[in-house]
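Novice: My questions will all concern the structure given below.
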Amino acid sequence: MGKFYVTTPIYYASGEPHIGHAYTTVLCDFFARFKRMTGHDVFFLTGMDEHGSKIYRVAKEKKMEPQKFVDDIAEVYKNLFKALNITNDDFVRTTEERHKVAVAAFWKRCAERGDIYKKKYTGLYCVGCEAFKKAKDLHQGLCPDHNQKPEELSEENYFFKLNRYQRALEKLFSSTFVVPKDRAREMEAILKEGLEDVSISRHRDALPWGIPVPEDESQIIYVWFDALINYLTAVGFGGEKKSDSEKFKYFWPADVHIVGKEINRFHSLLWPAMLMSAGIDLPKTILVHGWITVNGQKMSKTVGNVIDPFDLVKKYGVEAVRYYMGRELPAQRDGDFSYARFEERYNADLAHGLGNLFFRILTMAEKYKEAVEKYGVFSDGKGLELSHIENYWKRYLEHFENYECSAALDAVWEFISFLDKMINNEKPWELAKSSDIKDAERLAGLLNFFLESCYRISWMIYPFLPETSDKMLVQLGFDAAEERKRNFESIYPKSGRQFLGTIAKISKGEPIFPLYVSDSAQIQINK
Ligand code: MSP
């Protein structure tokens, strides 16, 4: 099936993670798990951006050595990713030796290409963005993203010939390089204004915390130039070992970099230009997602509405948090978080929707298993054809392939309501009362159909809700670890599974999602 290399941005080690950082990482995890499930050799990278003025200043304010400071923050991020069940294959940090080597090697390539030169420059620098700003980018003299007045800098720095790549970049946007389309349009608008060369170093006195320019120790490499190269570092670029170059050859180019909208231009303009300069292939896709607001407002420390992802996991459980992020925060546009909406979604979709359906079906399977044992065939007449299941399955796969994971979840939940309605219409409990053999056969057919549907749903939710998926498989009578080893194609047999052999092993446990009642009290449904 081939390889799949997916990345998150590397997060600034200037503070603790919030729900926005959790979101991008969870989103990447959905794709990583989906691709593994469908037989790909996945490399999923996340990590920390640990250099730059902001981090240096915060560490100094806290009277800490910058390295100790970033080590501590990296631990918090790692713990968060554990709590969120993230399956990253590597965790890269820009203060690591392997990265410093990669950055120096990359710089040299661009320099040899003639794309780096020295120039005196005066400009406005926003430390929050770690970027130079033009007067027109500001609102009433302040950076709109950080509400801060940029600092005026006047220095002699190294510059990168970004302008040289203007034409080549223009061509990029006719393809599907940036997803979704309107994010590509935003980049085209920037290109229309014309790209200027960018400063890619600072004097050591102004920025003591970073990677020195090769052969000019008085200058430190600009934090974005340093940070973007992490995507190469982690797959072996710059490494001396044979295994490094093999890894690089195998995994590069990245299949998708997933980033928030505010850093689109660094990934869709600067990064491809840097790669072209260094003579390295471009990533295949930049997937740009919107921002999470809280009760309709931008998250900010000053407003005091920053949501701590650790708290959410503690309160609702990791599966519910992952579900909300997948379903309610579609990557294509901004999404909103509110506790009320979270609890509404949890109860409607997880406790009632999925949880209730599964509980109902397992209850029937236990009660009427004799019918299946006696008359059990998969398809027994109208409405029980496998094509009903395939229809939802196909849509789910297509959405995933198009990076639309909230739409993939929509397809699963439409399938769930289809099954709910079907149970209500077919009334298996009435068939069970009948002594007519035809009714017993219908009941067996129905149960097989419902169980097959649950089995499929357990796979469909796996990238999002891996623990629930395992629980479902176990309650359906399977060995979850063994099932995970299966070849993906074999999980949807052409003629449907017969639950004849396994029905005796079905054992309904506790409801997979108890109803969420209030802050402290939880009750169980279906008791
Ligand atoms: N260090 C840079 C990225 C370098 S990548 C080579 C950086 N770091 S960051 O810590 O600020 O993280 C930014 C990313 O976190 C965003 O692009 C996005 O993925 C995520 N989010 C931060 N706030 C967010 C929201 N409010 N909503 C959604 N995602 C957000 O930028």
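Novice: Which one of these is within 11 Å of the ligand (Cβ to nearest atom) and within 30 Å of Y462 (Cβ to Cβ): Y23, Y12, Y5?
Specialist: Exactly one of Y23, Y12, Y5 is within 11 Å of the ligand (Cβ to nearest atom) and within 30 Å of Y462 (Cβ to Cβ), namely Y23.
Novice: I would also like to ask the following. Considering each residue of segment 113-127, count those that are surrounded by fewer than 16 Cβ atoms within 10 Å (Cβ to Cβ) and under 32 Å from the mean Cα position of the chain (by Cα), and give that number.
Specialist: 0
Novice: From (1) within 24 Å of the chain's Cα centre (by Cα); (2) within 10 Å of the ligand (Cβ to nearest atom); (3) more than 30 Å from Y492 (Cβ to Cβ), pick out the condition that doesn't hold for I55.
Specialist: Looking at each condition in turn, I55 falls short on (1).
Novice: Can you confirm whether R322 is surrounded by fewer than 16 Cβ atoms within 10 Å (Cβ to Cβ) and basic (K, R)? Break it down stepwise before answering.
Specialist: Details: surrounded by fewer than 16 Cβ atoms within 10 Å (Cβ to Cβ): no; basic (K, R): yes.
Taking the combined requirement at face value, the residue does not satisfy it.
Novice: Just to check your reading of the model, which residue among I286, I258, I280 is assigned to a strand (DSSP E or B) and more than 10 Å from the ligand (Cβ to nearest atom)?
Specialist: Among I286, I258, I280, only I286 is assigned to a strand (DSSP E or B) and more than 10 Å from the ligand (Cβ to nearest atom).
Novice: With segment 419-509 as the region, which helices (runs of 4 or more DSSP H) entirely inside it contain at least 1 residues that are touching a residue at least 40 places away in the same chain (Cβ under 8 Å), within 18 Å of G376 (Cβ to Cβ) and not hydroxyl-bearing (S, T, Y)? Talk me through it step by step, then tell me what you get.
Specialist: Details: elements: 428-433, 437-460, 466-475, 480-484.
Counting at least 1 such residues, we get 428-433, 437-460.
Novice: Can you name the strands (runs of 3 or more DSSP E) wholly within segment 117-233 that have at least 1 residues being at pLDDT 95 or above and within 23 Å of H257 (Cβ to Cβ)? It would help to see each step written out before you state the result.
Specialist: Values: elements: 131-133, 151-160, 201-203, 216-221.
Where strands (runs of 3 or more DSSP E) fall fully within segment 117-233 and carry at least 1 residues being at pLDDT 95 or above and within 23 Å of H257 (Cβ to Cβ), they are 151-160, 216-221.
Novice: Now for a separate question. So in segment 289-307, with the set limited to residues that are within 9 Å of the ligand (Cβ to nearest atom) and outside any loop (DSSP other than H, G, I, E, B), which one is farthest from P9 (Cα to Cα)?
Specialist: V294
Novice: So in segment 26-35, with the set limited to residues that are more than 9 Å from the ligand (Cβ to nearest atom) and in contact (Cβ under 8 Å) with a residue 40 or more places away in the chain, which one is farthest from K63 (Cα to Cα)? Let's see the steps before the verdict.
Specialist: Our first condition is that a residue be more than 9 Å from the ligand (Cβ to nearest atom); within segment 26-35, this holds for 26, 28-35.
Then drop every residue that is not in contact (Cβ under 8 Å) with a residue 40 or more places away in the chain, which leaves 26, 28-34.
On the way: V26: 33, C28: 35, D29: 36, F30: 39, F31: 40, A32: 39, R33: 41, F34: 44 Å.
Out of the qualifying residues, it is F34.
Novice: Would you check which residues across segment 312-353 are part of a helix (DSSP H, G or I) and within 16 Å of the ligand (Cβ to nearest atom) and list them? Spell out the reasoning first.
Specialist: Going residue by residue through segment 312-353, those that are part of a helix (DSSP H, G or I) are 312-316, 318-328, 339-353.
Across segment 312-353, the qualifying residues are L312, V321, R322, Y324, M325, G326, R327, E328, R341, F342.
Novice: I73 versus (1) within 11 Å of the ligand (Cβ to nearest atom); (2) more than 22 Å from I211 (Cα to Cα); (3) among the aliphatic types (A, V, I, L, M): which is the lone unmet condition?
Specialist: (2)
Novice: Determine the pairs where a residue that is under 15 Å from Y11 (Cα atoms), located within segment 224-235, has a partner that is at pLDDT below 95 and surrounded by fewer than 24 Cβ atoms within 10 Å (Cβ to Cβ) with Cβ atoms under 8 Å apart, the partner being 6 or more residues away or on another chain.
Specialist: Partner pairs satisfying both residue conditions: W224/E130; W224/A131.
Novice: Taking segment 7-21, which residues are under 15 Å from L312 (Cα atoms) and touching a Leu at 6+ places or on another chain (Cβ under 6 Å)?
Specialist: The one that is under 15 Å from L312 (Cα atoms) and touching a Leu at 6+ places or on another chain (Cβ under 6 Å): P17.
Novice: How many residues are in a loop (DSSP other than H, G, I, E, B) and at negative phi when one looks only at segment 234-253?
Specialist: Selection size over segment 234-253: 8.
The values are calculated or read from the model by the stated rules, or taken from the named source; none is laboratory data. The structure displayed is predicted, hence computed values, not measured ones. No Cβ is skipped: glycine too gets one built from the backbone with ideal geometry, and neighbour counts run over all protein chains shown.
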